[in-house]
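Below: the structure, in structure tokens.
Throughout, read-outs are computed from the coordinates displayed, never taken from laboratory work. These figures come from a predicted structure and were not determined experimentally. We place every Cβ from the backbone using ideal geometry, glycine too, and count neighbours over all the protein chains shown.
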Amino acid sequence: MAGRLVVFEGVEGAGKSTQLRRLDARLKSAGVPCLTFREPGGTAAGDRIREVLLNPSVSLDARTEALLFMASRAELVTTAVLPALEGGTVVLLDRFFLSTYAYQVAGRGLPESDVLAANRAATGGLVPDLTLLLTLSASEGMARATSRGPSDRMEQSGDAFHARVEQAFAGFGTPAWQAAHPEAGRIVPINATGTADEVERRIAAAFRDHMPEHGARLERVA
């Protein structure tokens with residue numbers, strides 16, 4: 001496919017959505033066709049699933065939670081992401097299946113093999129070209145998230161849960177984990193501490209390094 005899939009990942013409050021919007025603006029200013037989506041959501045069905053998954057008043061079994069995420073992902077990939085990639089568009093995605101490994105495998109304790117099989121069914125084997133993994137402690141991330149307003153169902157999962165998620169994300173950035181998980185594609189850790197402008201510069205540098213076909217155009221709008 002002519003397009004490229006770039007995923008933003010990290011703990012709650014790491015700044016994924018903010019940095020995704022900033023990279024989207026940079027790419028469009030450089031004349032690069034770009035679309036953005038978020039998980040769960042991004043489609044009519046996915047947005048309804050998102051309402052259920054993030055509603056603090058809803059109680060879900062871990063398997064039900066994982067399968068709802070997968071259902072939203074399958075709809076997003078089939079109806080939005082793949083057509084955009086086939087049309088030569090850069091797709092920026094706020095979360096993908098690294099979040100499933102972190103939240104449902106490490107956080108909830110589901111078997112990795114089951115999650116991998118379900119994800120393969122949901123994505124049809126789609127592999128991101130680049131994942132920008134924003135690294136931040138769970139405590140700092142939750143402090144940021146709490147400052148935004150009321151916590152959603154995932155944010156209310158407890159300190160121990162978020163500590164397991166943080167540890168999982170830290171492991172995803174290592175060469176050993178990436179070598180054992182080719183379905184995740186290239187993962188580049190990005191220090192998410194500091195100001196939004198500082199983090200944006202780190203992300204732009206990583207994007208230029210790992211997406212050279214678009215990196216030179218970004219230089220002209222830096």
The extension gain from Ala170 to Asn55, computed as 0.36 nm times the residue separation minus the Cα-Cα distance, is 38.7 nm
Would you please give the residues with an amide H less than 5 Å from that of Val90, counting only those at least 5 places away or on a separate chain, with H modeled from the backbone geometry?
Arg4, Cys34, Leu35
With point charges of +1 on the Cβ of Lys and Arg and -1 on the Cβ of Asp and Glu, referenced to the Cα centre of the chain, which listed residue (Val52, Phe207, Pro40) lies farthest in the positive direction of the dipole?
Phe207
Could you list, bin by bin from short to long, the percent of Cα-Cα pairs of region 4-219 in 5 Å steps?
1, 7, 15, 20, 22, 18, 11, 4, 1, 0
Hey, could you grab the Kirkwood Rh for region 67-142? Inverse mean 1/r over distinct alpha carbon pairs, Å, one decimal.
13.7 Å
Starting from the Cα of Ala45, move 7 Å in the Cα-to-Cβ direction to define the label point; list residues of region 108-152 whose amide nitrogen is under 18 Å from there.
118-126
Under Stokes-Einstein, with the Kirkwood radius over Cα pairs standing in for Rh, what whole-number D in µm²/s applies to region 41-102 at 4 °C and 1.567 mPa s?
104 µm²/s
Tilt relative to the chain, helix 62-76 - C-alpha long axis, 0 to 90 degrees, to 10:
30 degrees
Counting alpha carbon pairs within less than 8 Å and at least 6 residues apart, what relative contact order, in whole percent, applies to region 4-219?
31 percent
So the angle from the long Cα axis of helix 159-172 to the longest Cα principal axis of the chain, reported in degrees to the nearest 10, equals 40 degrees
Given the DSSP H assignment, sum -39500 (n - 2.57) over each helix run of at least 4 residues in the chain and divide by its residue total; what's the result at 222 nm in deg cm²/dmol, nearest 500?
-15500 deg cm²/dmol
